[in-house]
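S.K.: Dumping the structure here so I can ask a few things about it.
The values are calculated or read from the model by the stated rules, or taken from the named source; none is laboratory data. Please read all numbers here as calculations on a predicted model, not as lab measurements. Here Cβ is always computed from backbone atoms with ideal geometry, including for glycine, and neighbour counts include all displayed protein chains.
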Amino acid sequence: MRFVKQLLAVAAVALVGGQSIAAVEGSFFPTLVIGAVTAVLAVVVHRWVVRRTERREPAELGLDGWGGKLGRGTLIGFAMFAAVIASIAFLGGYHVEGWGSPTGALGLLGLMAAAAVTEELLFRGLLFRIIEERTGTWIALALTGVGFGAMHLVNPDASLWGATAIAIEAGFMLAACYAATRNLWVPIGLHFGWNFAAGGVFSVVVSGNGESKGLLEASTSGPVTLSGGAFGPEGSLYAVVAGVVLTVVFLWLAKRRGHLVPRRRRPVQAPATVTVTP
């Protein structure tokens with residue numbers, strides 16, 4: 001019941017924030033403000049409900065050094081996506097036509113912050129943690145990764161391949177990041193850095209959600225396996241490879257730090273003994 005309350009609380013913030021952003025679509029300043037408020041409110045609600053339902057301090061979302069952790073994750077996510085774009089551009093699949101919209105980028109800053117925070121709280125901060133307690137790290141990583149990919153099937157230009165790519169390069173990788181760090185700030189930053197680089201800077205389609213108006217005016221072309229097609233560069237094999245590499249690195253760190261939770265074994269019951277009275 002405690003986890004249901006936590007899920008409902010964060011989901012409510014995500015739903016209200018998402019609807020509010022949709023209501024002001026196209027207006028960069030309201031989108032920036034509503035997105036930022038949604039992100040902050042989601043953190044506050046998560047910390048509050050964990051204290052109330054679990055009677056503990058939410059160490060996974062602690063405020064000690066949170067800025068450095070968030071910044072570190074953001075740099076990793078941005079660099080990862082920039083490497084994907086550079087790989088696509090090397091083969092002529094990414095084209096910059098000029099400058100885009102700075103105000104559009106600011107609006108996306110708020111939108112991506114809200115998405116990164118709420119999705120990480122729901123998938124890594126709650127679902128992964130709940131499943132891991134019962135089944136161990138590996139099963140939790142697999143189930144939440146697949147679920148994260150499946151969630152993207154509802155996007156306008158979604159495809160089965162795109163959802164599969166998201167599961168591999170983001171669902172598995174972000175869960176591995178949480179397992180390695182045991183805090184949510186780094187995966188939140190990584191998620192935000194990746195998404196903002198995609199939409200806010202390089203102006204490409206993000207997870208099949210249509211064209212973005214960021215700092216650059218750009219387009220993609222070429223085979224879907226390389227450019228990602230209508231789903232965006234996240235459907236590119238370059239993105240999948242980058243995600244797999246980081247997943248392996250994070251899991252290696254998690255193992256080295258002793259953060260991998262083994263699968264629970266059911267206790268073996270001793271056979272009943274029969275006492276024979278002489």
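S.K.: Does region 165-181 include one or more residues that are crowded, with 24+ Cβ neighbours inside 10 Å and more than 30 Å from Val261 (Cβ to Cβ)? First the steps, then the outcome.
M.R.: Going through region 165-181, the residues crowded, with 24+ Cβ neighbours inside 10 Å turn out to be 165-166, 169-179.
Then keep just the ones that are more than 30 Å from Val261 (Cβ to Cβ); that gives none.
No, region 165-181 contains no residue that is crowded, with 24+ Cβ neighbours inside 10 Å and more than 30 Å from Val261 (Cβ to Cβ).
S.K.: Let me ask something else about it. Just a yes or no: is a residue in region 186-198 within 11 Å of the chain's Cα centre (by Cα) and not in a helix (DSSP H, G or I)? Outline the logic, then answer.
M.R.: Here is the first cut: in region 186-198, the residues within 11 Å of the chain's Cα centre (by Cα) are 186-195.
From the residues that got through so far, the ones that are not in a helix (DSSP H, G or I) too are none.
No: zero hits.
S.K.: Something else: With the condition kept exactly as written, say whether any residue in region 241-251 is in a helix (DSSP H, G or I), more than 22 Å from Pro187 (Cβ to Cβ) and of a type outside the set (Ser, Thr, Tyr).
M.R.: Of the residues in region 241-251, the ones in a helix (DSSP H, G or I) are 241-251.
From what is left, the residues that are more than 22 Å from Pro187 (Cβ to Cβ) are none.
Within region 241-251 (the criterion being in a helix (DSSP H, G or I), more than 22 Å from Pro187 (Cβ to Cβ) and of a type outside the set (Ser, Thr, Tyr)), the answer is no, since none of the residues qualifies.
S.K.: Run down Thr74, Thr103 and say which single residue is β-branched (Val, Ile, Thr), modelled with pLDDT of 95 or more and in a helix (DSSP H, G or I). Spell out the reasoning first.
M.R.: Numbers: Thr103 fails: modelled with pLDDT of 95 or more.
From the options Thr74, Thr103, the qualifying one is Thr74.
S.K.: Filter region 24-64 down to the residues that are touching a residue at least 60 places away in the same chain (Cβ under 8 Å), assigned to a loop (DSSP other than H, G, I, E, B) and closer than 21 Å to Ala180 by Cα and list them by number.
M.R.: Gly62
S.K.: Let me confirm something: among Ala142, Ala114, Ala167, Ala163, which residue is part of a helix (DSSP H, G or I), within 19 Å of Gly199 (Cβ to Cβ) and at pLDDT 95 or above? Walk me through it before giving the result.
M.R.: Numbers: Ala142 fails: within 19 Å of Gly199 (Cβ to Cβ); Ala167 fails: within 19 Å of Gly199 (Cβ to Cβ); Ala163 fails: at pLDDT 95 or above.
From the options Ala142, Ala114, Ala167, Ala163, the qualifying one is Ala114.
S.K.: Kindly evaluate Glu25 against the criterion of being out of contact with any strand residue (DSSP E or B) (no Cβ under 9 Å at 6 or more places or on another chain), surrounded by 12 or more Cβ atoms within 10 Å (Cβ to Cβ) and of a type in the set (D, E, K, R). Steps first, please.
M.R.: Values: out of contact with any strand residue (DSSP E or B) (no Cβ under 9 Å at 6 or more places or on another chain): yes; surrounded by 12 or more Cβ atoms within 10 Å (Cβ to Cβ): no; of a type in the set (D, E, K, R): yes.
Taking the combined requirement at face value, the residue does not satisfy it.
S.K.: Ok, one more. Would it be correct to say that Gly71 is surrounded by 14 or more Cβ atoms within 10 Å (Cβ to Cβ), in contact (Cβ under 8 Å) with a residue 60 or more places away in the chain and of a type outside the set (Ser, Thr, Tyr)? So that I can check it myself, show each step before the final result.
M.R.: Numbers: surrounded by 14 or more Cβ atoms within 10 Å (Cβ to Cβ): yes; in contact (Cβ under 8 Å) with a residue 60 or more places away in the chain: yes; of a type outside the set (Ser, Thr, Tyr): yes.
Yes.
S.K.: Failed condition for Leu15, given (1) modelled with pLDDT of 90 or more; (2) under 24 Å from Gly210 (Cβ atoms); (3) surrounded by fewer than 16 Cβ atoms within 10 Å (Cβ to Cβ); (4) more than 21 Å from the chain's Cα centre (by Cα), with all others met?
M.R.: Every condition holds for Leu15 apart from (4).
S.K.: Quick one: how many residues across region 211-261 are at pLDDT below 95 and basic (Lys, Arg)?
M.R.: Total satisfying the criteria: 1.
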